[in-house]
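Asker: What follows is a structure written as structure tokens; I'll ask about it next.
The values are calculated or read from the model by the stated rules, or taken from the named source; none is laboratory data. On a predicted model such as this, the values are computed, not experimentally measured, just so you know. All Cβ positions, glycine included, derive from the backbone under ideal geometry; neighbour counts span all protein chains shown. Ligands, DNA and RNA are excluded from the accessible area calculation, which covers all protein heavy atoms including side chains. Shrake-Rupley method; radii C 1.70, N 1.55, O 1.52, S 1.80 Å.
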Amino acid sequence: MASHYNLKRVGLNERWDSFLFKSQNSSILFSLSKYLKAIKQNYGCYFVYNNNELRSAIAVIETPDRKSTQ
């Protein structure tokens, strides 16, 4: 089966943090909603899906116009 990845922009909410807490990655603290809200930067949060299955979460710092990352 071919892989079909797509990104879906999401807000910071309980589902975001819940997904991160289930991760085996030790750097999740820098992506939790409390941290992202505290840094006072423009950020974008995305869930990554493969064939409609949630696989990952990505948080990026964005430019003020939100057209690219910094």
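Asker: Carbon and sulfur atoms: what percent of the 1.4 Å accessible area of the chain do they account for? It would help to have the intermediate numbers written out before the result.
Answerer: Numbers: 2670 of 5290 Å².
Its accessible area is 51 percent carbon and sulfur atoms.
Asker: Relative to the Cα centre, what is the charge dipole magnitude of the chain, using +1 at the beta carbon of each Lys and Arg, -1 at the beta carbon of each Asp and Glu, and rounding to the nearest 20 debye? Don't skip to the end; give the middle numbers.
Answerer: Numbers: 10 positive and 5 negative charges, 24 e Å.
Using only the charged Cβ atoms, the result is roughly 120 debye.
Asker: So how much accessible area does LEU29 have, in Å² to the nearest 10, using a 1.4 Å probe?
Answerer: That residue has around 110 Å² of solvent-accessible surface.
Asker: Using only the alpha carbons, work out the radius of gyration and Dmax of the chain in angstrom.
Answerer: In order Rg, Dmax, the Cα atoms of the chain give 12.7, 42 Å.
Asker: What does the accessible area per residue of the chain come to in Å², with a 1.4 Å probe and no ligands, DNA or RNA counted?
Answerer: Using a 1.4 Å probe on heavy atoms only, each residue of the chain averages 76 Å².
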